[in-house]
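The structure appears right after this line, and notes come after that.
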Number of protein chains: 2
Amino acid sequence: MNPGRPQPSDDIAAQSLRSDAERNRERIIAAARGVFARDGLGASMASVAREAGVGIATIFRRFPTKEELVAAVFADRMDSYADAVAVALADADPWHGFVGYIETACAMQAADQGFADVLTTTFPTAKAMEKRREEAYEGMVRLIGRAKAAGGLREDFDPSDLVLLHMANAGVVNACGDAAPDAWRRVVALFVQSFAAPARATLPASPAHEDLYRAMLRAGPEVPGATAPGRTGKSSKVATDKAGEAD
Amino acid sequence: MNPGRPQPSDDIAAQSLRSDAERNRERIIAAARGVFARDGLGASMASVAREAGVGIATIFRRFPTKEELVAAVFADRMDSYADAVAVALADADPWHGFVGYIETACAMQAADQGFADVLTTTFPTAKAMEKRREEAYEGMVRLIGRAKAAGGLREDFDPSDLVLLHMANAGVVNACGDAAPDAWRRVVALFVQSFAAPARATLPASPAHEDLYRAMLRAGPEVPGATAPGRTGKSSKVATDKAGEAD
DNA sequence: ACAAAACCGGATAGGTCGATCCGATTGATA
DNA sequence: TATCAATCGGATCGACCTATCCGGTTTTGT
């Protein structure tokens, strides 16, 4: 009956972890949840350790890489994400369900900087998380089909548009942070109105499926958000061609 | 007539720089233009130096901080940006001018990763650049007024919506990079359709002016983008993670 | 041609990050 | 209670970043 006993019928998840180890594991996840939500995935492992009240090594012992910690932290959030699609599919009104999904998912991005990044990044090594993502994607395709059939959604809407929506929303919540915590609502409302049927005009083609996948792979590295003072400027150059250059 | 002579009536800009120094200064700016455009503001000073064929110290001698280099590099890009507003105001058709401005500005973001961030960040120390930004903003307010008066633009459109648009577009171009270089066009087209009058539904309130300013201040630090896509293939371990970036 | 000032760039300082090492500690078992 | 493996956490590694230092080189004015 003692928890942690090596009995086969014991509690699953934590397989034979010493009691203090299991306690720390939960502390770490709880701390990481808060830190990633507040500072995004760019938060350092050290800051998570500090928040959890454990040593840095303790984190890496339980989660050999940062990516694994991220996967552990966001596992249940991805569940909620997949659930949101299921809830939307259960809605009797296809368009209402579609809009509800969008608002729920974007609200999740706004409430958790880390999750905003997760939705626009793929983690090939975190199979469980990617599985949820695919489940959600398949549900979204059906959701879109229903909404189109019911006439609420414009016919040229593509599943990839939801990915683009999340990228755009991530840009807004990342840039605004807590300075303007509700700005995303207006952006999302504008998007939703542009999704409504009938289409006001034709759209440029959607990006290819695999291009978007590569884009999400590429995003992996880092996420701004946190660092402080040393601000640097940014710049751009324009040099080449493209679009309307001024002279 | 020799350039660089200490004559008072000499060429302005470069005040008495030795010929080789002036040559390097231009090389540095040209290199930084390309590097920032390709890799975003997260690109390191070392990579700029390498591209320019000069030493790191040479860059910091001419531009004491990275922010100053950025300001120097983007000065003309901000001019083009302000020009785009002027061009839009000169358009006989207010709505056409409004849409043209949006497409031009967003195209500039897509063509230059660094500029995408510049548009969503303020640089209090770079006064010239901030002046251009304000000029552009004032022009945008007039542009919006004209477009509303002509009936093309929905009445509840707010100038801050253009800032949000740029934040959203930055999110898309940052996430997509060169993997899906045209994805932004579809997003912008959707936005434009949602801007068109008549409004399909009311919108959540706009963020407060000063909140958006604080958000743009806060955005400063870093920008991902840096690391190359396929890279890291090498040995095992560490593949992922960040690093460069960002920052 | 020549000296002095201006300039160059590699090495280095000092910071952060992810990740690892190792001596000290603690929990589980008998 | 005694034992020992499992665990802990601070120190440390290596890589990268911005920024500075300093000995060698180049431009400039006479």
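What follows is calculated from the coordinates using simple rules that are stated; it is not laboratory data. Worth saying up front: this structure is predicted, and the values here are computed from it rather than measured. Here the Cβ is made from the backbone with ideal geometry for all residues, glycine too, and neighbour counts use every protein chain on show.
Take peptide B:195-201, look around each residue's Cβ out to 10 angstrom, count Cβ atoms belonging to other protein chains, and average those counts. Let's see the in-between values first.
Numbers: counts 3, 4, 0, 0, 2, 7, 5.
Taking the mean over all residues of the peptide, I get 3.
Calculate the mean, over all residues of peptide B:108-116, of how many other protein chain Cβ atoms lie within 10 angstrom of the residue's Cβ.
Working: counts 8, 2, 2, 10, 8, 3, 6, 5, 3.
Averaged over the peptide's residues, the number is 5.
If we count other beta carbons within 10 Å of each Cβ, what is the order of A:Ser19, B:Ser80, fewest first?
Numbers: A:Ser19 11, B:Ser80 21.
In increasing order of surrounding Cβ atoms, one gets A:Ser19, B:Ser80.
Run the simple label-point estimate for B:Ala75 and A:Lys127 please: 7 Å along Cα→C-beta, distance reported in nm.
Once both label points are built, they end up 5.7 nm from each other.
In peptide B:28-38, how many Cβ atoms from other protein chains are near each Cβ within 10 Å, on average? Display every interim value, and only then the final one.
Details: counts 0, 2, 2, 0, 3, 6, 3, 2, 7, 6, 2.
Partner Cβ neighbours, averaged per residue: 3.
Please say if the stretch B:74-218 is rounded, prolate or oblate, where rounded means a/c under 1.5 for a ≥ b ≥ c the square roots of the C-alpha gyration tensor eigenvalues, and otherwise the choice is prolate for a/b larger than b/c and oblate otherwise?
Working: a/c = 1.37, a/b = 1.23, b/c = 1.12.
Judged from the Cα gyration tensor, the stretch B:74-218 comes out rounded (a/c under 1.5).
Work through the residues other than A:Asp211 whose Cβ is under 11 Å from its Cβ and net out their charges, Lys, Arg +1 and Asp, Glu -1. The partial results should precede the final answer.
Working: positive: A:Arg214, A:Arg218; negative: A:Glu210, B:Asp178, B:Asp182.
Its environment carries a net charge of -1.
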